[in-house]
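Working notes for the structure below.
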There are 2 protein chains.
Amino acid sequence: MTTQNFRKIVIFGVGLIGGSFALAMRKAEAVGEVVGFGRTKGTLKKALEAGIVDRIGEDVALEVADADLVLLAVPVAQMAEIFANIAPHLGADTLVIDGGSTKSDVVAAARANLGDKIGQFVPAHPIAGAEASGPAAALADLYMGKRVVLTPLPENSNELLIRACAAWEACGMAVSRLTPEQHDEVFAAVSHLPHLLSFALVHDLVQRENHKLLLSFAASGFRDFTRIAASSPEMWRDICMANREPLLRELKLYADELYAMYQVLESGDADKLEEIFQLASDVRGDWSQQ
Amino acid sequence: MTTQNFRKIVIFGVGLIGGSFALAMRKAEAVGEVVGFGRTKGTLKKALEAGIVDRIGEDVALEVADADLVLLAVPVAQMAEIFANIAPHLGADTLVIDGGSTKSDVVAAARANLGDKIGQFVPAHPIAGAEASGPAAALADLYMGKRVVLTPLPENSNELLIRACAAWEACGMAVSRLTPEQHDEVFAAVSHLPHLLSFALVHDLVQRENHKLLLSFAASGFRDFTRIAASSPEMWRDICMANREPLLRELKLYADELYAMYQVLESGDADKLEEIFQLASDVRGDWSQQ
């Protein structure tokens, strides 16, 4: 872990995910040089000042040709273009990873654009986030003790998988494996749905004429429930669009659950209501003690 | 504030709400003696050991006759019985307050049971809570810097209102006023609805065969969204039942919001989706900076 495993890392997107990866790899002394690419000069300059990157990249072809590792840490909708840009220039031993929150779409974009380099890409989703974004939000410890889900491709060699695991483990993460489809089903349920529900509650209240009065009485329960409604709208638009089918299925199941609860409440069935709350409370309590 | 305003306080329910009130009044040196009543000897003993009460009450009639202040801090469904028990014995100058999370039902219970002593009751909802309950969860600072909503009755004298305000202010709270109906509408929207939605998400997931796998990948967004699903099932059953009509209206509005979001997602309207997220994110961000 403390040996310099990756001589040169190229990162596309130097915000929360990419920036924290760079800082974590530096802290683990697992990287030589970090080169950053991004959409805006301002963000790249901040990343340079924050010690996230050593250099701002100018020439993608040049930089990825001799990189040990390329990380795509941009919104998932922007990955196809980057795959297309790097494909002709990737070194034969360059490992490509990503930090996207959805996997089926990223794998499809990689297949469509990486050509015969597809085996060099090991898709990943580091399960760590915050409602903040940008280089200023990056933290060396963001990934420490958290899980990363790899969704390996049949074309990945064992040697490459081991290197991908080593990179995420150097950041302090425990590696899990799922298929891209399993991954997207799981995260539609435990992450994308709650985000959508949280955005929906705030949006629902904002429509009211008296929303300022309402919000003035909101307290800690509201605060925690809606924390994720302060997340990046652009990022969550992309995630929801990318994982549309599983998310629509989850929304449907949740709407059914709400309708059942509406009927229990409307009929005044206090025992049934308590039974629902009790089961949820028990499971949530057990979960938080794990 | 530091004078001993209340010589003797009698508290029904020595858990999070009642226990924290007692501890806060003691810290403010605003109380002489605190006497506690409760449903179980075990809870009362814990409250005694935790320094919440000075004595465990034996005789309700005797204790409330010379009390300066009586606090009802039990689930709202149990208040009617306590109002009935104390009504014949209340001293002429005894102020009665409550800490219930709903107000229309508490006021109705008070009117039905307090008889000509109704003017001595000043309904209140201290907006402070935690998912924990019981005397062990009580904190002297629970109310510090928080708001309490009073929903005064036409029968309350100004002198009594001032004493009720003084009690809550001694706990560190800022006093707001609403009618019982306004209160219940506001809290259906910003508190009761989010609790129900949070219980519903956990309950929805628990139904699945693979719920252990799902929960093993749940992260910080899920943790915050579902923190309130670990709340007391009994307390939330009572609150939902007591505030049923406003809560059903809120559930209906939220279901409409979700249906609109479902349609936006199904039609693949990324711009509209981002617009919804952006508005929610802006409002939530502004709110948390207040």
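Quick note: the coordinates plus some simple rules give every number you see, no bench work behind them. All of these numbers come straight from a predicted model, not from anything done at the bench. For neighbour counting, all protein chains shown are included, and Cβ atoms are generated from backbone atoms with ideal geometry for every residue, glycine included.
From Cα pairs below 8 angstrom and at least 6 apart in sequence, can you work out the relative contact order of chain A, rounded to a whole percent? List each step's numbers first, then the result.
On the way: 474 pairs, mean separation 47.9, N = 290.
The value is 17 percent.
Tell me, Kirkwood radius of the range B:182-288 from alpha-carbon pair distances, in Å?
In the range B:182-288 this quantity evaluates to 15.9 Å.
Filter chain B for me: DSSP H helices, axial length by Cα at least 24 angstrom, mean Kyte-Doolittle hydropathy not below -1.0. List them by residue number. Correct list, ordered by number: B:244-266, B:270-288. Counting only residues at least eight positions apart within a chain, or on another chain, the lysines with an alpha carbon under 19 Å from that of B:LYS146 are A:LYS212, B:LYS27, B:LYS103.
When a/c is below 1.5 the answer is rounded, else prolate if a/b is larger than b/c, else oblate, so apply that to the range A:6-177 with a ≥ b ≥ c taken from the square roots of the Cα gyration tensor eigenvalues. Rounded.
Cα gyration tensor of the range B:1-105, axes a ≥ b ≥ c as square roots of the eigenvalues: rounded (a/c below 1.5), prolate (a/b > b/c) or oblate? Judged from the Cα gyration tensor, the range B:1-105 comes out rounded (a/c under 1.5). Please work out, to two decimal places, the log10 of the ratio I(q)/I(0) at q = 0.12 Å⁻¹ from a Debye calculation in which every Cα of the protein assembly as shown carries one identical scatterer. With no solvent term, the Cα-only Debye profile gives -1.08. Springs join every pair of Cα atoms under 10 Å in this Gaussian network model of chain A, and among A:PHE217, A:PHE187, A:PHE225 the largest mean-square fluctuation is at A:PHE217. Using the Karplus relation 6.51 cos²θ - 1.76 cosθ + 1.60 with θ = phi - 60°, the per-residue 3J(HN,Hα) values for the range A:88-99 come to x, 10, 4, x, 5, 9, 6, 8, 10, 10, 9, x Hz, with x marking Gly and Pro.
Treating each Cα of the range B:1-50 as an identical point scatterer and ignoring solvent, apply the Debye formula and state log10 I(q)/I(0) at q = 0.24 Å⁻¹. At q = 0.24 Å⁻¹ the computed log10 ratios are -0.84. Loop-located trypsin sites (Lys or Arg not before Pro) in the range A:188-290 (DSSP state not H, G, I, E or B) with no more than 15 neighbouring Cβ atoms inside 10 Å: A:ARG208.
Simple spin-label estimate for B:ASP286 and B:ASP93 gives 4.9 nm between the two label positions (7 Å along the Cα-to-Cβ direction from each Cα). Across the range B:182-288, the mean sequence separation of Cα contacts (distance under 8 Å, 6 or more residues apart), normalised by length, yields a relative contact order of 34 percent.
Spatially, the range A:147-224 and the range B:111-170 are offset by 40 Å when compared through their Cα centroids. Dipole check for chain B: with +1 at the C-beta of Lys and Arg, -1 at the C-beta of Asp and Glu, and the Cα centre as origin, the magnitude is about 780 Debye. Of B:ILE17, B:ILE86, B:ALA28, whose Cα points farthest to the positive end of the dipole of the range B:6-178 (charges on the beta-carbon: +1 Lys, Arg; -1 Asp, Glu; origin at the Cα centre)? Most positive-ward Cα: B:ILE17.
Take each residue in B:259-266, count the other chain C-beta atoms within 10 Å of its C-beta, and the mean is 4. Our helix-only sum for chain B, with -39,500 (n - 2.57) per DSSP H run of n ≥ 4 divided by its residues, gives a mean residue ellipticity at 222 nm of -15000 deg cm²/dmol.
How shielded is A:232-239 by partner chains, expressed as the average number of their Cβ atoms within 10 Å of its Cβ atoms? Average per residue, whole number: 5. In terms of other Cβ atoms within 10 Å, A:LEU114, A:LEU248, B:LEU215 run from fewest to most in the order A:LEU248, A:LEU114, B:LEU215. Taking every residue in A:179-192 and counting other chain Cβ atoms within 10 Å of its Cβ, the average works out to 4. Distances longer than 27 Å among the Cα atoms of chain B: what percent of all pairs is that? Tail fraction, whole percent: 46. Taking a ≥ b ≥ c as the square roots of the Cα gyration tensor eigenvalues, the range A:234-290 comes out oblate, since a/c reaches at least 1.5 and a/b does not exceed b/c.
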